[in-house]
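The values are calculated or read from the model by the stated rules, or taken from the named source; none is laboratory data. From a predicted model like this one, the values you see are computed outputs, not experimental measurements. When we count neighbours, we look across all protein chains shown, and the Cβ atoms used for this are built from the backbone with ideal geometry, even at glycine.
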Amino acid sequence: FDTEPFQNLFCTNPADPSYDAAMAAEGELVAREQNQAVEQFFANADLLVHDTQYTQAEYEAGKVGWGHSSLEYAAAAASRANVKAMALFHHDPMRTDAQLDALATTFARPRADGAPATFFAREGMEIEL
C-alpha cells in the first residue's frame, strides 16, 4: 500500500443526505486503527525512510488521495513511534534544489525531546547503521 495516512472515506457531514452516523463512526475508527498499525510496524526503528512528497498545506490543498504523505505527518508519526532517525525522501519532483534546501532548514533536526533525528535523503547518500 501507499504511504498516505488512512482516512475516513464515509460522509462525516450530518447535513449531507448520504450521512450515516454509524458508518461515519466506523470509518473514523478503522482509519485510526490502521494508522496505529502502521506506526506500530515501525515503532522503535533505528531508521525510518519515509515518503514526504508534500507539505501539509500542499496535501490539504488538493493532494489528498494521491498516495503520498506530508512532511508534518511523517514527523508526527515517527515521534509517536519513538523512531530514532528518519530520512525524508520522495520529494515533489517539481521542487527546485533551493526549495528542498529551505524545507530541510525547517524540518531537519537532531534527535531531541522524543523526536527522531531527521534529515533529507539525497541521491548517492550512504547511511551506516
* Asked: Could you say whether any residue in the stretch 54-77 is more than 14 Å from GLU4 (Cα to Cα), part of a helix (DSSP H, G or I) and among the hydroxyl-bearing types (Ser, Thr, Tyr)?
  -> no
* Assess whether VAL83 counts as being over 18 Å from THR105 (Cβ atoms), crowded, with 21+ Cβ neighbours inside 10 Å, in contact with a strand residue (DSSP E or B) (Cβ under 8 Å, 6 or more places away or on another chain) and among the β-branched types (Val, Ile, Thr). => yes
* Top-ranked residue of the stretch 107-119 - restricted to ones that are at pLDDT below 90 and either over 16 Å from the mean Cα position of the chain (by Cα) or in a strand (DSSP E or B) (or both), ranked as surrounded by the fewest Cβ atoms within 10 Å (Cβ to Cβ) -> ASP113
* To do: Enumerate the pairs (first residue in the stretch 15-41 and free of Cβ contacts under 8 Å to residues at least 24 places away in the same chain; second residue anywhere and surrounded by 13 or more Cβ atoms within 10 Å (Cβ to Cβ) and of a type in the set (S, T, N, Q)) with beta-carbon separation below 6 Å, excluding pairs fewer than 6 apart on the same chain, so at least 6 apart or on different chains.
  => ALA24/THR12; GLY27/ASN8; GLU28/ASN8
